[in-house]
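The values are calculated or read from the model by the stated rules, or taken from the named source; none is laboratory data. None of these values were measured; they are calculated from a predicted model. Don't worry about glycine lacking a Cβ; one is built from the backbone with ideal geometry, like all the others, and counts go over all protein chains shown. Remember, those area values only see protein heavy atoms, side chains included, never the ligands or the DNA or RNA. Shrake-Rupley method; radii C 1.70, N 1.55, O 1.52, S 1.80 Å.
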Amino acid sequence: MAKTKFNIITSTCVPLPLENVDTDQIIPARFLKATTREEKFFGDNLFRDWRYNADGSLNKDFVLNNPTYSGQVLVAGKNFGSGSSREHAAWAIAGYGFRVVVSSFFADIHKNNELNNFVLPVVVTEEFLQELFDSIEADPKMEVEVNLPEQTITNKATGKSEHFEINAYKKHCLMNGLDDIDFLLSNKDKIEEWEKKA
């Protein structure tokens, strides 16, 4: 897992205008037995059953196989990451290279798994999401700006912005490239000082 500091990301987008995308569609169950945590392995198998035909050939109709679309931002339909709580789904999203997933609603456990794997889930209104899909369809090279310090996302094609919510602790961790253990270690002196007083 790449512990990259997160500040402002400006990127083109990959649209996935499907609702109720569950974690088994994100990473099929057969990959949960893998003995590796290698990002490339999980990234290569992101949306495996949609990206590849039954014979193993590329499904040219799937968006990840369409060279028109690229970027660090996945724009997905409502209720993204529903189903089982497998963290492997977040590993696959991060392993593919997405830094941000935008949706109007995330399953709670999946949302936290993304945050724990340095992927920022951005919740927007359904109107903003639809306008984003429309902008991408009109111009696949359009960009969004995701500003974590200000907690805003801007559709650069329309100039419209929305504010998004994020837990203050997770925001701090993302902005400083810290996982939960790193955060504890960075506060070791404060913890030891408190223990001495207790």
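In table form, for the structure just shown:
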quantity: In Hz, Karplus ³J(HN,Hα) per residue of segment 49-58 (6.51, -1.76, 1.60; θ = phi - 60°; x = Gly, Pro); calculated: 6, 9, 6, 10, 6, 4, 7, x, 6, 5
quantity: Under Karplus coefficients 6.51, -1.76 and 1.60, residue-wise ³J(HN,Hα) of segment 70-76 in Hz, glycine/proline x; calculated: 7, x, 9, 10, 9, 10, 10
quantity: Reachable lysines, given that their alpha-carbon falls under 19 Å from the alpha-carbon of Lys156 and they are not under 8 places away in the same chain; calculated: Lys141
quantity: Tail weight of P(r) past 28 Å, computed on alpha-carbon pairs of segment 8-196, percent; calculated: 27
quantity: Degrees between helix 188-197 axis and first principal axis of the chain (Cα, 0 to 90, nearest 10); calculated: 40
quantity: Relative contact order (%) - criterion: Cα under 8 Å, at least six apart; region: the chain; calculated: 26
quantity: ³J(HN,Hα) computed for each position of segment 123-128 - Karplus, 6.51 cos²θ - 1.76 cosθ + 1.60, integer Hz, glycine/proline x; calculated: 8, 10, 6, 5, 5, 5
quantity: Of all accessible heavy-atom area on segment 51-112, the percent that carbon and sulfur account for (1.4 Å); calculated: 47
quantity: Under-5 Å amide H pairs with Gln72, H placed in peptide plane, nonlocal only; calculated: Thr12
quantity: 1.4 Å probe accessible area per residue over segment 41-194, in Å²; calculated: 48
quantity: Percent antiparallel among DSSP beta bridges (both partners in the chain, rounded to 5); calculated: 50
quantity: Reachable lysines, given that their alpha-carbon falls under 16 Å from the alpha-carbon of Lys111 and they are not under 8 places away in the same chain; calculated: Lys78, Lys170, Lys171
quantity: Qualifying GluC sites (Glu not before Pro) in segment 1-107, DSSP loop, other Cβ atoms within 10 Å at most 12; calculated: Glu38
quantity: Amide H within-cut-off set for Ile166, under 5 Å, with H built and near neighbours excluded; calculated: none
quantity: Peptides ranked, highest mean first, by Cβ atoms within 10 Å: ranges 23-30, 147-154; calculated: 23-30, 147-154
